[in-house]
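In what follows, a single structure is set out as structure tokens and then discussed.
Bear in mind these aren't lab numbers, they're just calculated from the coordinates by the rules spelled out. Quick caveat, the model's predicted, so the values are computed rather than measured. Every residue, glycine as well, gets a Cβ built from its backbone with ideal geometry; the counts of neighbours run over all protein chains shown.
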Amino acid sequence: MLKTALIADNSMSMRNLLKNLLTDNDYQVVAEASDGISAVSLYKEKVPDIVILDLTLPIMNGLDALKNILKFDPKAKVIICSVMAQKSLIIDAIEIGAKDFIIKPYFFHELILALNKLFR
């Protein structure tokens with residue numbers, strides 16, 4: 001059974017890149033969001049196995065979306081994938097409950113490793 005994923009990124013090209021990466025590695029992308037509010041509502045609707053979440057999202061930023069997803073489902077597996085790689089943001093995201101923080105676009109190879117680690 002394929003693991004399901006939600007991708008939340010304001011860039012369509014980045015969503016497509018992530019979608020291809022996930023699909024090539026046996027994940028099924030069940031939803032895509034271009035803003036934080038959509039990410040939260042799609043999570044509630046689809047309850048995917050994993051969320052790939054950018055921090056720089058319109059309407060509701062990634063950290064607030066992360067908080068809302070975890071409020072709805074404390075067991076949610078969320079990986080932050082962002083260019084915003086300041087140490088304080090990484091620490092905030094992990095303390096809030098993100099399972100990992102991948103700096104895009106340079107560390108995409110680490111994304112699949114991080115995902116696979118969550119499902120061992």
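Name the chymotrypsin sites (Phe, Trp or Tyr not before Pro) in segment 26-120 that are in a loop by DSSP and that have at most 14 other C-beta atoms within 10 Å, would you? Provide the component values of the computation, followed by the final result.
Values: sites: TYR27, TYR43, PHE72, PHE101, TYR106, PHE107, PHE108, PHE119; in loops: TYR106, PHE107, PHE119.
Loop-located and lightly packed - TYR106, PHE107, PHE119.
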Next item on the list: Taking every Cα atom in segment 3-118, find the radius of gyration and the maximum pairwise distance Dmax, and write them in Å.
Entry: 12.3, 33
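Within 10 Å of each residue's Cβ, count the other Cβ atoms and sort LYS71, LYS19, LYS87 from fewest upward. Don't jump to the answer; show the numbers that get you there.
Details: LYS71 11, LYS19 17, LYS87 7.
Ascending Cβ contact count within 10 Å gives the list LYS87, LYS71, LYS19.
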